[in-house]
Amino acid sequence: MVRILGFLVGLAFAGVLLISLGNTASTYFASPPEPTAEEEFHEHPRPLHLASDGPLGKFDKQQLQRGFQVYKEVCAACHGMSLVAFRDLEKLGYSEAEVKAIANQWQTEVPSLNPETGEPATRKAIASDRFPSPYPNELAARAANNNALPPDLSLIAKSREGGAAYIHSLLTGYSNQPAELLKKFPAAKTPANLHYNRYFPNLNLAMPPPLSSEGQVVYADGTKSTVDQMATDVSAFLVWAAEPNLERRHAAGLAVVLFLLIGTILGYLAYRNIWAEAKRKVRVTGALEPENQAKSRSSKRKAGIAG
Ligand code: HEC
């Protein structure tokens with residue numbers, strides 16, 4: 001009796017669930033959700049090819065130095081890199097003295113304490129400092145950027161889908177809103193103080209176009225600084241910042257794959273050797289062959305098989 005009751009209660013639950021599922025499905029099909037401007041106008045990043053791509057990729061130090069120059073002269077006005085130290089720049093080919101000079105002349109000073117009074121103060125950066133944020137805290141950063149927070153760029157190449165390609169597309173993807181978008185979605189007009197960018201997930205971001213004109217950065221190595229070139233170089237630099245050990249990781253990966261390959265070959269040969277006796281195929285012939293065993297004595301004799 002209890003079982004039947006339990007079964008009926010379960011049945012009632014399942015029925016209610018089914019009915020509500022049916023209701024939801026019918027409203028979904030009767031009035032499908034309106035398409036949004038983001039769905040129709042957001043674009044995926046354009047592919048970007050860098051020297052560090054692929055399992056054998058290596059950094060192009062010349063390009064990383066150019067990327068650093070873009071970061072220093074443009075992006076550092078709003079973005080810090082709290083996980084990268086000035087002395088890490090030695091890996092890009094700068095000498096120790098150059099790194100010290102870069103730190104010493106950095107536009108933002110580092111927070112510290114006045115040794116006499118204990119009051120908060122700032123001092124010039126030294127090689128072991130990380131790239132400071134230009135703002136003393138989040139509130140100040142938001143206040144200066146229309147309530148948006150410029151993210152720390154140390155790991156940005158890893159934390160955004162598309163990585164370097166996304167950063168490159170974002171930096172070169174500013175434009176006016178397409179007329180078609182405004183016609184279709186009048187409510188999606190870019191609000192004042194935001195900037196339309198088809199690669200940003202919600203199409204409008206608070207960062208004003210940082211790279212706007214050719215020659216904005218005058219490269220030390222004489223490369224022509226088009227907007228696309230600057231965006232590519234700074235993206236390459238941010239890939240390095242997010243993973244300075246990439247080359248070592250690639251080399252270690254290659255060594256491990258080679259090691260496993262040789263191990264596999266040795267393992268296979270050892271297996272063949274150990275099992276050679278047990279797996280040897282013995283072909284019986286003559287009277288012992290199963291087919292011949294089944295033959296009658298007379299047909300054996302006819303075929304000339306002994307036994
Ligand atoms: C005037 C200040 C300013 C400058 C200069 C600037 N940014 Fe930004 N950046 C911002 C702000 C503010 C945001 C946050 C935007 C938002 O969330 O709407 C941002 C966001 C970003 C993001 C994250 C976008 C996302 O997907 O969330 C990246 C990447 C970025 N900036 C890269 C750069 C690079 C590279 C440079 C230098 C070429 C640069 N920025 C220069 C203010 C700036």
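Where a number appears in this text, it was derived from the coordinates with a stated rule and is not lab data. The model shown is predicted, which means the values in this text are computed figures rather than measured ones. Positions of Cβ are backbone-derived with ideal geometry, glycine not excepted, and every protein chain shown enters the neighbour counts.
Worth pointing out:
- Prolate/oblate/rounded label for segment 84-240 (Cα gyration tensor, a/c 1.5): oblate
- For segment 127-164 and segment 190-216, distance of Cα centres in Å: 16
- Integer Hz, Karplus 6.51/-1.76/1.60 couplings in order for segment 178-192, x for Gly and Pro: x, 4, 4, 4, 5, 5, 7, 10, x, 6, 8, 4, 4, x, 4
- Estimated at 0.36 nm per residue, the fully extended path between Lys183 and Arg248 surpasses their Cα-Cα distance by 18.2 nm.
- GluC sites (Glu not before Pro) within segment 1-52, DSSP loop, no more than 12 other Cβ atoms inside 10 Å: Glu43
- Distance violations [Cα-Cα > 19 Å] among Lys61/Lys91; Lys72/Lys100; Lys100/Lys124; Lys100/Lys224: Lys100/Lys224
- Segment 81-139 - convex hull of the alpha-carbon atoms, volume per residue in Å³: 86
- Simple rule: put +1 on each Lys or Arg Cβ and -1 on each Asp or Glu Cβ in the chain, find the dipole, and look at Ala165, Phe29, Gly286; the Cα lying farthest toward the positive end is Gly286.
- Under 5 Å from the amide H of Asn204 lie the amide H atoms of Asn197, each residue being 5 or more positions distant or on a separate chain, with H modelled from the backbone and absent for Pro and chain starts.
- Values of log10 I(q)/I(0), in the order q = 0.28 Å⁻¹, for segment 1-66 under a Debye, Cα-only, solvent-free model: -1.11
- Remark on Val84: its backbone amide H falls under 5 Å from those of Phe131, a criterion applied only to residues 5 or more positions apart or on other chains, H modelled at 1.01 Å from N.
- Sorting 89-101, 24-36 by average packing, meaning the other beta carbons within 10 Å per residue, from highest down gives 89-101, 24-36.
- Karplus-derived HN-Hα couplings along segment 254-270 (A = 6.51, B = -1.76, C = 1.60, θ = phi - 60°), whole Hz, x at Gly and Pro: 5, 4, 5, 5, 4, 4, 5, 5, 5, x, 5, 5, 4, x, 5, 5, 4
- Selected from Pro47, Phe185, Pro210, residue furthest toward positive end of dipole (the chain; charges at beta carbon): Pro47
- Neighbours of Glu90, meaning other residues whose beta-carbon lies under 13 angstrom from its beta-carbon, give a summed charge of +1 when Lys and Arg score +1 and Asp and Glu score -1.
- Residue order, fewest to most surrounding Cβ atoms within 10 angstrom, among Arg3, Arg160, Arg249: Arg3, Arg249, Arg160
- As a proxy for reagent exposure, Asp152, Asp221 were ordered by neighbouring Cβ count within 10 angstrom, fewest first; the result is Asp221, Asp152.
- Debye log10 I(q)/I(0) for segment 185-298, one point scatterer per Cα, at q = 0.11, 0.12, 0.16, 0.20 Å⁻¹: -0.74, -0.81, -0.99, -1.14
- In sequence order, calculated HN-Hα J values of segment 25-36 (Karplus, 6.51, -1.76, 1.60; Hz; x Gly/Pro): 4, 5, 5, 4, 6, 5, 9, x, x, 5, x, 10
- GluC sites (Glu not before Pro) within segment 142-246: DSSP coil, no more than 11 neighbouring Cβ in 10 Å: Glu161
- For His42, His79, His168, His49, the sequence from fewest to most other C-beta atoms within 10 Å is His49, His42, His79, His168.
- Based on the convex hull around the alpha carbon atoms, the chain presents an average projected area of 41.4 nm².
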